[in-house]
1. Would you point out the residue of the stretch 102-113, among those that are β-branched (Val, Ile, Thr) and out of contact with any strand residue (DSSP E or B) (no Cβ under 7 Å at 6 or more places or on another chain), that is farthest from residue 64 (Cα to Cα)?
2. Taking residue 40, is it open to solvent by less than 80 Å² (accessible area, probe 1.4 Å), out of contact with any Ser or Thr (no Cβ under 9 Å at 6 or more places or on another chain) and at pLDDT 85 or above?
3. Step by step: first the residues of the stretch 97-127, then only those that are farther than 24 Å from residue 76 by Cβ and in a loop (DSSP other than H, G, I, E, B), then the one that is farthest from the chain's Cα centre (by Cα). Which residue is that?
4. Of the conditions (1) modelled with pLDDT under 90; (2) open to solvent by 70 Å² or more (accessible area, probe 1.4 Å), residue 70 clears all except one; give me its number.
5. Given the conditions (1) in a helix (DSSP H, G or I); (2) under 18 Å from residue 73 (Cβ atoms), and given that residue 132 satisfies all but one, which numbered condition is not satisfied?
6. Starting from residues that are of a type in the set (S, T, N, Q) and open to solvent by less than 60 Å² (accessible area, probe 1.4 Å), keep the ones in the stretch 83-101 and report whichever is nearest to residue 64 (Cα to Cα).
Amino acid sequence: KYDMNPSLSDYIGSSNGDAAASLPSGTLLPPKRDAAKSQSIVEKVTSFAIQNDDFAAPFQFLNLGILAYTGAGSALAQLQVTPAQSSTVKGKGKIGFGLWRSVYISKQVSWRNRFLVLIDWTTTKVFGRDITRL
């Protein structure tokens with residue numbers, strides 16, 4: 001006897017979902033989700049941390065300083081030299097701009113990039129930023 005209003009659960013093969021089921025029309029249904037696959041990210045991370053008994057060190061903020069270019073060849077700079085709060089180098093105006101440029105150059109990854117940035121700064125100083133005059 002055929003039920004006229006079957007529910008979808010009538011067509012699922014097994015209760016743990018390890019087998020696919022098919023509808024009367026022959027269309028295959030995917031298997032049910034495995035319990036391990038339905039864990040949330042938080043549950044996965046928590047179970048991983050519990051298994052390994054290793055926890056990350058607590059976060060500590062390290063202040064490396066503040067740099068702000070204010071335009072027209074001037075900048076504000078406050079650089080942290082050592083982790084102690086009392087050892088900071090501060091500069092504003094042209095001195096701050098020199099500090100800003102020195103940090104910018106030192107943070108370049110390769111010598112090639114440092115050279116290209118220096119060439120760009122020199123070109124800008126000699127010819128200005130307006131490229132329509134070239």
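1. 109
2. Considered against the rule, which asks whether it is open to solvent by less than 80 Å² (accessible area, probe 1.4 Å), out of contact with any Ser or Thr (no Cβ under 9 Å at 6 or more places or on another chain) and at pLDDT 85 or above, residue 40 comes out as no.
3. 110
4. Checking residue 70 against (1) modelled with pLDDT under 90; (2) open to solvent by 70 Å² or more (accessible area, probe 1.4 Å), the one that fails is (1).
5. (2)
6. 88
The values are calculated or read from the model by the stated rules, or taken from the named source; none is laboratory data. Note that this is a predicted model, so its numbers are computed, not measured. We place every Cβ from the backbone using ideal geometry, glycine too, and count neighbours over all the protein chains shown. Note: areas computed on protein heavy atoms with side chains; ligands, DNA, RNA excluded. Shrake-Rupley method; radii C 1.70, N 1.55, O 1.52, S 1.80 Å.
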